[in-house]
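Shown next, in structure tokens, is the structure this report addresses.
The values are calculated or read from the model by the stated rules, or taken from the named source; none is laboratory data. Owing to the predicted nature of the structure, the values given are computational and were not obtained by experimental measurement. Cβ placement follows ideal geometry from the backbone for every residue including glycine, while neighbour counts extend to all protein chains displayed. For accessibility, only protein heavy atoms count, side chains too; no ligands or nucleic acids. Shrake-Rupley method; radii C 1.70, N 1.55, O 1.52, S 1.80 Å.
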Amino acid sequence: MTATEENADERPKRLISGPGLLLVWFYGVMVVGAVSRSVYQIATEFDRAPLAYSLSAVAGVVYGFITHSLIRGGETARRAAQVCCAAELAGVLVVGTLTVIDSSAFPDATVWSYYGAGYIFIPVLLPLSALYWLRNNRTADTDGTADTADTVTP
């Protein structure tokens, strides 16, 4: 085996091929949207709706971490992205449901209000799509077990 082949074996599996590239693009757009919106709102009117604006900032950070994980690739990054996507989906469902049940729960909208209606429902569709992609994009050995080459063992 040549040095080039050995290096190719050590590289983490790409998560941004095919539909994964589209996910990175959408998550990148959501990072910019959520972070810029929350920074402006926190800087100018934080006292009006601190929870809503803080949740938008958290959403932006989560989107950024997922984007980074997808770009990084590898089994560890895939698992981290799955956990974040599940947390993101839980946040969207909780905040979305709270805003539907009691619209006064948040004096101003968050990224996740009304299941992301202000963002064309991308906040609820994106984690579902990403979880599906990440689940079907696992690295498998010939015996069908997951590849753990880049995981840390105790």
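Residues Val100, Val35, sorted by accessible area with the largest first, give Val100, Val35 [1.4 Å probe; ligands and nucleic acids excluded].
The accessible area of Thr97, taken with all protein chains in place and a 1.4 Å probe, comes to roughly 60 Å². Model label points for Arg135 and His68, set 7 angstrom from Cα along the Cα-to-Cβ axis, are 2.7 nm apart. Placing Asp47, Asp108, Asp102 in order of accessible area, with the largest value first and a 1.4 Å probe, yields Asp47, Asp102, Asp108. Shape class of segment 21-60 from the alpha-carbon gyration tensor: prolate, with a/c at 1.5 or above and a/b greater than b/c.
Once all protein chains are placed together, Phe121 keeps about 100 Å² accessible to a 1.4 angstrom probe. When the trypsin sites (Lys or Arg not before Pro) in segment 48-142 are filtered for DSSP coil states and for at most 14 other beta-carbon atoms within 10 Å of their beta-carbon, the remaining sites are Arg48, Arg138.
Ranked by solvent-accessible area (1.4 Å probe, protein heavy atoms only, all chains present), the residues Ile71, Ile120 order from largest to smallest as Ile120, Ile71. Take segment 15-82 with all the other protein chains still there, run a 1.4 Å probe, and you get 47 Å² of accessible area per residue.
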